[in-house]
Amino acid sequence: MKKLSVFIILSSLLLCSQAVHGTTALLHSSSVMQISSEDSELILANPYFLSMTFDPELNTNELTIQDPYMKEMLFSTSATSNLNVETQVSEASATLGIAQISGKALAYPSPMNQNNSEAGIYYRLTGPMSLEIRLYDIKVNLIYQKTYAPGTDQSKFGNNKISLNPSDIGITLPFGVYFFVLLSDNKVISKGKFGVVR
Amino acid sequence: MKLLQGLILFLILCFGNALQAQTMENPSSLGSSAKMIGIGNIEGFDHSAAAVFENPAALHKIKEFSFSGFQSSLMDQAFFSNAAMAAKTDFGIFALGFSQTIVGDIPETTKDSNNDVAESGNMYGYRHVHSRLGYTPNVRGPFQFGAALNHYYNELASIQGTGMGIDAGVLYQVDPNFNLSLQGKNLIVLKNMRYSSGTQEHLPKGLVIGGQYKWGITNLYAQVSRFESRPELLKAFGFRFKPEDTPAYISAGFREFDALDKIHTNTSIGLGLELGFLNIFFAYDKSEYVEQDNKYYVSLSFFE
């Protein structure tokens, strides 16, 4: 429950961070962005406070996560730019053991020539997590499936890639459309589609 | 009988040394109708215009003319449809069928400025069209012959490709209750799939042999098929149970099929209402997709 609450707040903060990216003027010297979703029963049961403070003189951006009942500072980080809020949240997630996918997984290049050395599924994780990829053809036949343990090259904190080169997945994909699904603990965390050209 | 045995032997020899080359994926092989999917994708025993997508020799069952249509969507992303018409003339039975598969809103991607994260930009689409022109002569007797011209069209983003091949099929009525179907898919390749990017794919070549046995009010079906891309024989079984004096039937089927380098299996259930001038079919089978564990198909035929 505790982790779930933090997860929800972090998700909210991630959304807010998008606003920060676009409108940095919202964070002036006296502003403290505090997020505590009091509408949520989960949060009320375990209210974490996340705060973000921007210091224009030092040009630093401080993110803190605090448990107000325990008066315990769970996480604190600062950065020299307010443009890397997402990175700070990712670090916070990783520290608190909450891993998730950041944004949406995408196939690149798309349309894809499978022999392109960069051909693969690209995504970003906020922490190491177990991961599974499933690849389907246009008739929804499962044509490829692989599981990755947390912390491997495909399931580590930060940017990750699952190669779709024929030598890596063992199959050459004919011209057409394919669907992929990323799962963690049997839950779909991202999905997408891409075309393969020859 | 010797002619049929000779033909089977010839076709098996043709496919015995098949090359392990890149073969075009044919989305229209999903099935020609819900009726066919409901008996395990067994081909060659349809009585409607949909037969043009199967063994063209089965078109001899068209009495005057027939229309058929089929539709399904998978994962709410891939849309399959086909339509066919067939007419009996003094020169034989002619049929025309179009099968289309569409997927839209596929994200075009680029790398970000740091060259390590993919970003989506514009969207593009995919379209596959399989057109078939079928013909069977007006011949009486236990043997029926037919042929079909295939035209394939693939389009993905700005790349297009076309290919052409000819199917040939034979139906043999062993006795009033027992029919055999033999079909060679893309037996003659007129043109491999050639893409505007300068590359090619082989057309999917295959041999399909099936049987239908009428046992009281139940029709039993069995089929073996072999495709260029796989050395193994793929098996399928099905039955159709239609009580006397009722227009409704139920069916079920089991099939093995090839999906890239693996053999998959599936079971299906079918329901039908056959009124003659209007026939409605429904089929269901299991899906391997994690968020949708079943697939539904609907088809109609007129004047079967």
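List every residue whose amide H lies under 5 Å from the amide H of B:Ala157, counting only residues 5 or more places away in sequence or on a different chain, with H placed 1.01 Å from N in the peptide plane.
Amide H to amide H, under 5 Å and 5 or more residues apart or across chains, B:Ala157 pairs with B:Gly125.
Rounded to the nearest 500, what is the 222 nm mean residue ellipticity of chain B from helices alone, with -39500 (n - 2.57) per DSSP H run of 4+ residues and division by all residues?
Details: 2 runs with 19 residues, N = 304.
It comes out at -2000 deg cm²/dmol, rounded to the nearest 500.
Using θ = phi - 60° and the Karplus form 6.51 cos²θ - 1.76 cosθ + 1.60, what ³J(HN,Hα) does each residue of the range A:107-122 get, whole Hz, x for Gly and Pro?
Working through the residues one at a time gives 7, 9, x, 9, x, 10, 9, 4, 7, 4, 4, 8, 4, x, 9, 10 Hz.
So what's the angle, to the nearest 10 degrees on a 0 to 90 scale, between helix B:2-16 and the longest Cα principal axis of chain B?
10
Checking a compactness column here: for chain B, what do you get for Rg(Cα) / (2.2 N^0.38 Å), N being the number of residues?
Taking N as the residue count of chain B, the ratio is 1.03.
Most exposed first by the Cβ proxy, i.e. fewest other Cβ within 10 Å, how do A:Arg134, B:Arg127 rank?
Result, fewest neighbours first: B:Arg127, A:Arg134.
Points 7 angstrom from Cα along the Cβ direction at B:Lys63 and A:Asn159: gap in nanometres?
It works out to 6.8 nm between the two label points.
Using amide H atoms built 1.01 Å from N in the peptide plane, name the residues 5+ places from A:Ser102, or on other chains, whose amide H lies under 5 Å from its own.
Here A:Arg124, A:Leu125, A:Thr126 satisfy the definition.
Return a whole-number percent for the relative contact order of chain B, with Cα pairs under 8 Å and 6 or more residues apart as the contact set. If you can, show how the numbers build up before the last one.
Details: 849 pairs, mean separation 57.0, N = 304.
So the answer I get is 19 percent.
Taking θ as phi - 60°, what are the ³J(HN,Hα) couplings along the range B:185-201 by the Karplus curve (6.51, -1.76, 1.60), each to the nearest whole Hz, with x for Gly and Pro?
Once θ is set to phi - 60°, the couplings for the range B:185-201 become 8, 6, 4, 10, 9, 7, 7, 5, 5, 10, 9, 5, 7, x, 9, 9, 9 Hz.
Every number here is computed from the coordinates shown, using simple stated rules; none is lab data. Quick caveat: nothing in here was measured; it's all calculated off a predicted structure. So basically every Cβ, Gly included, is an ideal-geometry build from the backbone, and we count neighbours across all protein chains shown.
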